Every structure is written in structure tokens, then in C-alpha cells.
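Student: My questions will all concern the structure given below.
The values are calculated or read from the model by the stated rules, or taken from the named source; none is laboratory data. Quick caveat: nothing in here was measured; it's all calculated off a predicted structure. Cβ placement follows ideal geometry from the backbone for every residue including glycine, while neighbour counts extend to all protein chains displayed. Remember, those area values only see protein heavy atoms, side chains included, never the ligands or the DNA or RNA. Shrake-Rupley method; radii C 1.70, N 1.55, O 1.52, S 1.80 Å.
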Amino acid sequence: MSDEVIPQGLWTGDYFNEGSGRDGIFDKLKEECGVFGVFGHPDAASMSYYGLHALQHRGEESAGLCVTNGGDFNYHRGMGLVKEVFDKDRLASLIGDRSIGHVRYSTSGDSKLTNAQPLVFKYRDGDLAVATNGNIVNAPKIRRELEQSGSIFQTTSDTEVIAHLIARSSKDFVEAAKDALQQIVGGYAFLLMTNDRMLVASDPNGLRPISMARLGDAYLFSSETCAFETIGAEIIRDIEPGEMLVLDKNGLHEDRFAEPQRKALCAMEYIYFARPDSELNGSNLHSSRKRMGRRMAQESFVDADVVTGVPDSSISAAIGYAEQTGIPYELGLIKNKYTGRTFIQPSQELREQGVKMKLSAVRRVVEGMRVVMIDDSIVRGTTSRRIVNLLREAGATEVHVRITSPPFKNPCFYGIDTPDSRELIASSKSIEEIRKEINADSLEFISPEGLIEAVAGNNVNDYKGGLCMACFDNDYPTRTDFNGEEQFGCSC
Ligand code: SF4
């Protein structure tokens, strides 16, 4: 099979990685958010609907769209999936040639409509809408200072901080936005829209992905390029670290608010979050994951009868591992297609059943077999143990686990909702201790060098291949200490 061909139908479910995080049965890292922007298309709302639908895996809690023709804003936000929040009539009412849209994942206590984006404000120069993906590390500090000087916040979202900073400035919108962006520290991609302009910005390290495409005369912006493919747009390029694009009636202006710092795109986007048909830094994600699988096979070969991947994100790597070793790739694990929402009470017994509702081992494939099981990460270890046990109950004689990320030891400050360090199994246990905990016959993680070489491609000479690896090696690309007023995880 060609490296560039995506194996249709090899992952299941309505959405990539659907249901892996929302009810706690799957102990996975939680996706952050997705943003999608359109400038200069007469049916911006419909374009955005399809774009957000393609980004659904990045956030299943709420969705929103703000549209304008250059006058008043039309917007709608709601809790739920894109297809639940918007129907035909609602989309028809969102008239305009430019829009910004958002899908959001949130922590459970924070899951409410007031935090759904885009956030929309009235300020002295008119209307302002903001949509973001990521996290502002110093948001609590800035927020406290703003509140002390009289600002009243409507939401608990970080995103409101940037709106307040812009609104308090006496400068023109673009200069005010630059000033505001220079005050915040973190990993983010912002879409901002006023009545007559749109602004797109990426943090100075390029931690969170955002790309640009063209469709006719229109400009499109998306957290992932898979959304461009959905609507037939031509990918132009990624937004550079520290870059700010301004769109108005005269077209596109390239500007920047900060000099680019060390390039540090989130490694977990490559490993787990992004869809396999998306591109990051010019590399197709399915191909990158296959290279991770091949590299794992070189680093930690084990003699076995079949290779299988945990759906959805580990299937590409499992194919790579199988190609490198010559051990056949098989669908040893199948995800139930209708997994998105299960209302299961979190008792231990029902949680175990919940895993079986969402994932099945294929007895005819694994019975009597020595199985290599490829997965993307181990967070607390509970999910890995359940999946290993599923394979054993289905008759696997040996289960060898290979993980395509290095041990996940440190919390994320840039938009990935991670548990407290004490709950991250790799922060306190050795690989051998984790192996015993998850009931595997052997366990190996890809090396940091192996991961960088597998994903970085032409950027391999950049520091760490241009990747953030902080959750593995504690080397954060930005300042993270604000005297106790720092914020980690995702709060957009
Ligand atoms: S700390 Fe980990 S999850 Fe967070 S941005 Fe860096 S690589 Fe991604």
C-alpha cells in the first residue's frame, strides 16, 4: 500500500476518535477545540457548517457560528454536536459572506452554554467575535488584574480575556489586538472578527495548528486541513508562529505581532488528536503514524502472530508496525459505530461493561494468537488494562503492548485537558510496573528520538523537530510559572 493512501473504512464510528473521552469510560486525553473561519464566500454559514462537522472530533460539547455581511452579527451557539446545534432553517438565517465557527470540548464543571464560542461582545467600535483553540497560561493573572480595575467577566473562558484587553485599548483594532496578543502567554490559534475585519493569529511557538486555504476568491482558516478537503478548498499554508493575518475589504494583509520563537507544534496532534487525512507541516497524519509504527517495530520488535491497533487513532501505526515486521495486520479490535453518547452510571461494574459496549475483541482473529496491540498513549493505565483483558478474554495467548508516544508524565499548559500529574501513571511508575498494572506480556514506548524522526520529516534539524514534547520531557516552550496564577489544561 502506498504511504500516501489512506485506508478507507479501517476506522469506525461517525467521527474520528468519537466517544473516546466524553464520559470517562475511555481514559484518553481530551481533545481541545477546533476553529473554522471563512472570509469572502456568499454562503459562509454553510461552508462553516461542513468545516465544523469535519472538526467534530476536536470537541463534542458545543458548537457555534457567528456570521456577518459587514453589518450586524448573526450568531448561534448551542450544546451538542454540530448536526444537533444547526439545522437547515438555522443555517439559512445566518446570512453573510464571512464567519468564524467553533467546536468545543470542555471540562465537565465548565460545560455550559455561556462558555460556548464564538464569544460575541459589543465594544466601543461595534461588534467583536472571538473563537480560539488552546490555552492562555497567564489568563488567571490577567483576569485578576482586569477585574481589579473594573472589568466584569461574563464567562469562565480564557477567550474573554483577549476581548477585554482589546476593548480597553484606545488604539485601532489591529494595533489593540497586537498589544493584547503580546500580553498573553500560551498555545493558541485565534480567530477574531469585527464588523469590517477578520484577524487570524497563531502563538509565537505555533503550538496549536491553524492553516489557510482558498476556495474561489474566499479565504478559509481551519484547525485541521481535513475540513478543507470536505468542501473542496485548496490548502495554501500553515499560519506561522507569531503571525497575524488581517482580512478586510482590500483583501489579505500578512502581519505579525511577535517574532517567531522556538517552533513547538504539539506532538500529540501527530500521535492522537488530528484526523489521519489531515496534514501538519506538509505531512499527512496517516503517513506519519505509519512511520511511528515502523519505528516502533525497529526499536522493540517482538515475535507475534498478529498486529492490531486500538481504534481509531492507532490503526495507521499498527499498519506501519505490521509492514515493517511482516506480521499480518488484523482487525483484532472493533469499535462500536454508535459510541458517541452513552448514559452509563460510573459504577465500576458498569464502566467495565461500558468498555465492552464501545470496543470488542474479535475472537476469530485473536483466539490462540500472540497479539501485538498498538496504542497511542497511556494516561492513567485503566483503559490499557481493560483492552488487554478484552483480548485475553477473547483467547489471545500473549498481548504485547507498543505505545507510539513516549511515557506521558507531565500536564499540558497549551490546551489539552490532562489529569493531575499524580494520576498520570508514567509520572510515578517504571515501565515494568506499568506493564504489570496493565496485565501485558511486554510493554514498550517509542523513544523521543524515534518519534521526532518519524513525524518531523524535513524539519528534523529543528530543535526537537519543531515539536512540543513537554508532556514527555518537561521542557515547556513557554514560561509556565506565574506565581501560582498559571493555568494548565484547556480553558477555551
Ligand atoms: S505538553 Fe504535550 S499535549 Fe501539551 S502541547 Fe506540548 S506536546 Fe501537546
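Student: Could you list, in their original order, any pairs among LYS263/LYS358; LYS141/LYS263; LYS88/LYS122 whose Cα atoms are separated by more than 30 Å? Don't jump to the answer; show the numbers that get you there.
Tutor: Numbers: LYS263/LYS358 37 Å; LYS141/LYS263 25 Å; LYS88/LYS122 28 Å.
In this structure, LYS263/LYS358 exceed 30 Å between Cα atoms.
Student: Using only the Cα atoms of the range 249-321, what do you get for the radius of gyration and for Dmax, in Å?
Tutor: Rg and Dmax of the range 249-321, Cα atoms, are 17.4, 62 Å.
Student: Which three extents, in angstrom, do the Cα atoms of the range 122-262 have along their principal axes, listed largest first?
Tutor: 48, 32, 27
Student: What 222 nm value per residue comes from the helices of the chain, counting each DSSP H run with n ≥ 4 as -39,500 (n - 2.57) and dividing by all residues, nearest 500 deg cm²/dmol?
Tutor: Numbers: 16 runs with 135 residues, N = 492.
When only DSSP H runs of four or more count, the value is -7500 deg cm²/dmol.
Student: Separation between the ASN69 and GLN261 pseudo-spin-labels, each 7 Å from Cα along Cα→Cβ, expressed in nm?
Tutor: In this crude label model, ASN69 to GLN261 measures out at 4.3 nm.
Student: When DSSP beta bridges are limited to those with both residues in the chain, what percentage is antiparallel, rounded to the nearest 5? Could the numbers behind the result be given before it?
Tutor: On the way: 68 of 86 bridges.
Around 80 percent antiparallel, to the nearest 5.
Student: In Å, what Kirkwood hydrodynamic radius results for the range 373-492 from the alpha-carbon pair distances? Don't skip to the end; give the middle numbers.
Tutor: On the way: mean 1/r = 0.0634 Å⁻¹.
Computed over the range 373-492, the radius equals 15.8 Å.
Student: Would you be so kind as to identify which of LEU52, ALA454, ALA361 lies farthest towards the positive end of the dipole of the chain, taking Lys and Arg as +1 and Asp and Glu as -1 on Cβ and the Cα centre as origin?
Tutor: With unit charges placed on the Cβ atoms, the residue in question is ALA361.
Student: In debye, nearest 20, what is the charge dipole magnitude of the chain about its Cα centre with +1 on Lys and Arg Cβ and -1 on Asp and Glu Cβ, if you could check? Please list the in-between numbers first.
Tutor: On the way: 54 positive and 71 negative charges, 171 e Å.
It works out to roughly 820 debye.
Student: Kindly provide the GluC sites (Glu not before Pro) of the range 363-422 that DSSP labels as loop, not H, G, I, E or B, and whose Cβ sees at most 15 other Cβ atoms within 10 Å.
Tutor: Numbers: sites: GLU367, GLU393, GLU398; in loops: GLU367.
In loop regions of the range 363-422 (DSSP not H, G, I, E or B), the sparsely surrounded GluC sites (Glu not before Pro) are GLU367.
Student: Could I ask something else about it? Decide, for the range 192-351, between rounded, prolate and oblate: order the square roots of the alpha carbon gyration tensor eigenvalues as a ≥ b ≥ c, take rounded if a/c falls under 1.5, and otherwise choose prolate if a/b is larger than b/c, else oblate. It would help to have the intermediate numbers written out before the result.
Tutor: Details: a/c = 2.41, a/b = 1.82, b/c = 1.32.
It comes out prolate by the Cα gyration axes.
Student: Show GLU453, GLU485, GLU444 ordered by accessible area, largest first, where the area counts protein heavy atoms only and the probe is 1.4 Å.
Tutor: On the way: GLU453 100, GLU485 45, GLU444 75 Å².
Sorted by accessible area, descending: GLU453, GLU444, GLU485.
Student: All other residues with a Cβ under 9 Å from the Cβ of CYS226 taken together, and with Lys, Arg as +1 and Asp, Glu as -1, what is their net charge? List each step's numbers first, then the result.
Tutor: On the way: positive: ARG275; negative: GLU224, GLU229, ASP277, GLU279.
Net of charged neighbours comes to -3.
Student: Taking K and R as +1 and D and E as -1, what net charge do the other residues with C-beta under 15 Å from the C-beta of GLU145 add up to?
Tutor: Working: positive: LYS141, ARG143, ARG144, ARG168; negative: GLU147, ASP158, GLU160, ASP179, GLU485, GLU486.
Its environment carries a net charge of -2.
Student: With a 1.4 Å probe and all protein chains kept in place, how do ARG295, ARG380, ARG58 rank by accessible area, largest first?
Tutor: Details: ARG295 55, ARG380 90, ARG58 0 Å².
Result of the area sort, largest leading: ARG380, ARG295, ARG58.
Student: Related question: Starting from 0.36 nm per residue, how many nanometres of slack lie between GLU234 and ASP87 once their C-alpha separation is accounted for?
Tutor: Numbers: separation 147, 0.36 × 147 = 52.92 nm, distance 2.68 nm.
Difference between extended and current length: 50.2 nm.
Student: Across the range 54-202, what fraction of all alpha-carbon pairs, as a whole percent, falls in each successive 10 Å bin from zero upward?
Tutor: 11, 42, 36, 10, 0
Student: Sticking with this one: Could you tell me which of the pairs LYS409/LYS464; LYS290/LYS409; LYS290/LYS464 are separated by over 22 angstrom between their Cα atoms in the structure shown? Don't skip to the answer; put the middle values down first.
Tutor: Numbers: LYS409/LYS464 18 Å; LYS290/LYS409 24 Å; LYS290/LYS464 20 Å.
Exceeds cut-off: LYS290/LYS409.
Student: Please compute the net charge surrounding ASP305, taking Lys and Arg as +1 and Asp and Glu as -1 over other residues with Cβ under 11 Å from its Cβ.
Tutor: Computed value for this residue: -3.
Student: Based on a Kirkwood Rh over C-alpha pairs, give the Stokes-Einstein translational diffusion coefficient of the chain at 10 °C and viscosity 1.306 mPa s in µm²/s. Kindly include the intermediate steps, with their values, before the conclusion.
Tutor: Details: Rh = 22.8 Å.
Reported coefficient: 70 µm²/s.
Student: May I pose another question? Within the range 124-167, list the trypsin sites (Lys or Arg not before Pro) lying in a DSSP loop whose Cβ has at most 14 other Cβ atoms in a 10 Å radius. The partial results should precede the final answer.
Tutor: Values: sites: ARG124, LYS141, ARG143, ARG144; in loops: ARG124.
Sparse-neighbourhood loop trypsin sites (Lys or Arg not before Pro): ARG124.
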